[in-house]
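Asker: Could you have a look at this structure, given as structure tokens, before my questions?
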Amino acid sequence: MGATSLNCRECGSEYELDASYVCGRCFGPLEVAYDHSGLTGDIAALRRRIQGGPQNIWRYADFLPLTGGQPGPSARASSRAGLPAGCTPLIRADRLAERLGLGEVWVKNDAANPTHSFKDRVVSVAAARARELGFEVLACASTGNLANSVAAHAAALGLESYVFIPADLEEQKILATGVYGTNLVKVRGNYDDVNRLCTELSGERDWAFVNVNLRPYYAEGSKTIAYEIAEQMGWSTPDRIVAPVASGSLYTKVAKGFSEWLDLGIIEGGLPVMHGAQAAGCSPVAQAWDAGHDVCRPVKPDTIAKSLAIGNPADGPYALELARSSGGTIESVTDDEVRQGIRLLAETTGVFTETAGGVTTASLAKLAARGAIGPDERVVLVITGEGLKTLDAVRGTFEEFEIDASYGAFVRDVEREGVTA
Amino acid sequence: MSVTVKLPTQLREAAGGVSAVNVDGDTVGAVLDALFELHGELRDRLTDESGDLRRFVNVYVGGEDIRFAEALETKVQAGQEVQILPAVAGGC
């Protein structure tokens, strides 16, 4: 039961559950395969077991690739549980729905994770599997959110860590990584340069690069977003999902999560229509979608949505396949629309998201404006990160007042009494 | 004109265990053909039936993805490094 092997998505070759990510035969990506035949009996009991589980992603341990089950309590020297992630709020966003002329919109707020992005889900899984495999060093190539998460998880687990980021990353993300006491390496280049370096390094160092040699395990963590949405919606699926696309991993794994549970009969409904969202300044998947291609041509990123600035998306072909098979689309929005998206979400829901969430919200607004979403449809917007990490994006987007500490000044300068517009 | 081809760990076994190979060629395509002459098994790993690179293979010349240049027609200067890496790493 549980995870059984790593299988190549391209040619189907099977491999042991070790720290590898590439098929030796065809270079295709490896993905965790499971045997869930032991879970098909009593669905009501399975649901109760999930509901009785911990308030974090390990309530879904049956569907995650740890061979030893969910991590246990802390030992003396090092925490085995690490930094629990998940169980983030699903918020009904009626004011947002009303503004967009939609019937029912929900916000899955994954900024409510320990390091304020969905990355804590994937790193929790990768770090736990790294421990099972005996690694002592965690590492990653990051656009920022992953850097925060890897540094924090390594600190919680008592592991050494190396975090590689583009040198021009937002200051908030650099500070919120260094604070955990990691080896922080700023690489002169963009994310794709960082990634190329880390891919090479992973062959030369015996480290667990969460998104390179541990990537098959890491990626599985994103399925927990789907499990949570389904559980929070009373064991059913929404009609549509709008989720950001950088490498395409989260987008495709959310669909995999729903599919697994639909196949097992744990939830009712069908696979949601999957909409992917990219920033126009880094939109290799959206460009391929518009052109009708089934592979992506890499681009040089130029966008304020740095957490999505992957010009060479590893899961691009699978993201395109999913958009097609689910009846969805891959949208792209300009940086101005990203800023407007951040403001729209904040003003209508009280959720302040980073630029990636601006991309997602702006894409939902675009879909709504062109009438792609029916009035009786239930839509979930996946908000992956926290606005405090990309403060520059909202600077200058609103009016503010500075006055002397007097009633007269307030009336004159703020309420503008006697001033005709 | 000799260039160095850097091989990822996943290909080294098929290349006699080495991490880099020196071959001659003035384009990426010619360099890869020369590599396949030396290590025949690599041809099947890296290219499909029509001879194109498989979709999860990335090739860089001097650190730049060849898809930003002229793909297999990209010129290679003597002494430059051609790097082959899996495409599936990274991301969110």
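Asker: Of all residues being part of a helix (DSSP H, G or I) and of a type in the set (A, V, I, L, M) in the stretch A:21-43, which is nearest to the other protein chains (Cβ to nearest Cβ)? Just the residue, please.
Answerer: Ranking the qualifying residues of the stretch A:21-43, first place goes to A:L39.
Asker: Another question, then. Restricting attention to the stretch B:9-23, does a residue exist that is at the interface with another protein chain (Cβ under 9 Å from one of its Cβ atoms), over 30 Å from A:G221 (Cα atoms), in contact (Cβ under 8 Å) with a residue 24 or more places away in the chain and touching a helix residue (DSSP H, G or I) at 6+ places or on another chain (Cβ under 7 Å)?
Answerer: yes
Asker: Pull up the stretch A:234-251, narrow it to residues that are out of contact with any Lys or Arg (no Cβ under 8 Å at 6 or more places or on another chain) and surrounded by fewer than 24 Cβ atoms within 10 Å (Cβ to Cβ), then point me to the one that is nearest to the other protein chains (Cβ to nearest Cβ).
Answerer: Filtering the stretch A:234-251 for residues that are out of contact with any Lys or Arg (no Cβ under 8 Å at 6 or more places or on another chain) and surrounded by fewer than 24 Cβ atoms within 10 Å (Cβ to Cβ), the one nearest to the other protein chains (Cβ to nearest Cβ) comes out as A:T237.
Asker: Also: May I ask you to verify whether A:A155 is more than 20 Å from A:N195 (Cβ to Cβ) and open to solvent by 10 Å² or more (accessible area, probe 1.4 Å)?
Answerer: So A:A155 fits the description; yes.
Asker: Please verify whether B:G51 is more than 9 Å from every other protein chain (Cβ to nearest Cβ) and either at pLDDT 95 or above or surrounded by fewer than 17 Cβ atoms within 10 Å (Cβ to Cβ) (or both), treating the condition exactly as stated.
Answerer: The answer is yes for B:G51.
Asker: Taking the stretch A:291-312, which residues are more than 9 Å from chain B (Cβ to nearest Cβ), in contact (Cβ under 8 Å) with a residue 12 or more places away in the chain and part of a helix (DSSP H, G or I)?
Answerer: A:K306
Asker: Does A:A421 meet the test of being modelled with pLDDT of 95 or more, among the aliphatic types (A, V, I, L, M) and farther than 25 Å from A:C87 by Cα?
Answerer: Criteria not met by A:A421.
Asker: Just name the residue that is nearest to B:V59 (Cα to Cα) out of those in the stretch A:186-200 that are more than 11 Å from chain B (Cβ to nearest Cβ) and open to solvent by 50 Å² or more (accessible area, probe 1.4 Å).
Answerer: Here the answer is A:R188.
Asker: Please specify each residue of the stretch A:201-218 satisfying the condition of being of a type in the set (S, T, N, Q) and either assigned to a helix (DSSP H, G or I) or at the interface with chain B (Cβ under 8 Å from one of its Cβ atoms) (or both).
Answerer: A:S202, A:N211
Asker: Restricting to the stretch A:389-414, name every residue that is in a loop (DSSP other than H, G, I, E, B) and over 30 Å from A:L308 (Cβ atoms).
Answerer: The answer is A:F401, A:E402, A:I403, A:D404, A:A405, A:S406.
Asker: Pairs please, first residue from the stretch A:169-186 and in contact (Cβ under 8 Å) with a residue 60 or more places away in the chain, second anywhere and among the acidic types (D, E), Cβ atoms under 8 Å, 6+ apart in sequence or on different chains.
Answerer: Pairs that qualify, where the first residue is in contact (Cβ under 8 Å) with a residue 60 or more places away in the chain and the partner is among the acidic types (D, E), are A:E170/A:D392.
Asker: If I filter the stretch B:4-26 down to residues being closer than 16 Å to B:V61 by Cα and aliphatic (A, V, I, L, M), which single residue comes out as surrounded by the most Cβ atoms within 10 Å (Cβ to Cβ)?
Answerer: B:V5
Asker: Among the residues of the stretch B:27-35, is any open to solvent by 70 Å² or more (accessible area, probe 1.4 Å) and within 14 Å of another protein chain (Cβ to nearest Cβ)?
Answerer: Scanning the stretch B:27-35, I find no residue that is open to solvent by 70 Å² or more (accessible area, probe 1.4 Å) and within 14 Å of another protein chain (Cβ to nearest Cβ), so the answer is no.
Asker: When you look at A:T390, is it of a type outside the set (D, E, K, R), within 24 Å of A:E170 (Cα to Cα) and either away from chain B (no Cβ under 14 Å) or touching a Lys or Arg at 6+ places or on another chain (Cβ under 9 Å) (or both), yes or no?
Answerer: Yes.
Asker: Next question, about the same structure. What is the one condition in (1) crowded, with 24+ Cβ neighbours inside 10 Å; (2) within 16 Å of A:Q70 (Cβ to Cβ) that A:P84 does not satisfy?
Answerer: (1) is the only condition that A:P84 fails.
Asker: Which condition does B:L72 not pass, out of (1) at pLDDT below 95; (2) within 14 Å of chain A (Cβ to nearest Cβ); (3) within 13 Å of the chain's Cα centre (by Cα); (4) open to solvent by less than 60 Å² (accessible area, probe 1.4 Å), if it passes all the others?
Answerer: Failed condition: (2).
Asker: Mind checking whether some residue in the stretch A:1-20 is assigned to a helix (DSSP H, G or I), more than 14 Å from every other protein chain (Cβ to nearest Cβ), of a type in the set (A, V, I, L, M, F, W, C) and touching a helix residue (DSSP H, G or I) at 6+ places or on another chain (Cβ under 6 Å)?
Answerer: no
Asker: Out of (1) touching a Lys or Arg at 6+ places or on another chain (Cβ under 7 Å); (2) under 30 Å from A:A126 (Cβ atoms), what's the single condition that is false for B:L53?
Answerer: (1)
Asker: Report whether or not A:E331 is within 14 Å of chain B (Cβ to nearest Cβ) and either crowded, with 24+ Cβ neighbours inside 10 Å or among the aromatic types (F, W, Y) (or both).
Answerer: When the stated conditions are applied, A:E331 does not pass them.
Asker: Quick one: which of A:Y60, A:Y15, A:Y21, A:Y34 is aromatic (F, W, Y), touching a Cys at 6+ places or on another chain (Cβ under 8 Å) and surrounded by 17 or more Cβ atoms within 10 Å (Cβ to Cβ)?
Answerer: Answer to the selection: A:Y15.
The values are calculated or read from the model by the stated rules, or taken from the named source; none is laboratory data. Quick caveat, the model's predicted, so the values are computed rather than measured. Neighbour counts run over all protein chains shown; Cβ positions are idealised from the backbone, glycine included. Please note that ligands, DNA and RNA were not included when accessible areas were found on the heavy atoms of the full protein model with its side chains. Shrake-Rupley method; radii C 1.70, N 1.55, O 1.52, S 1.80 Å.
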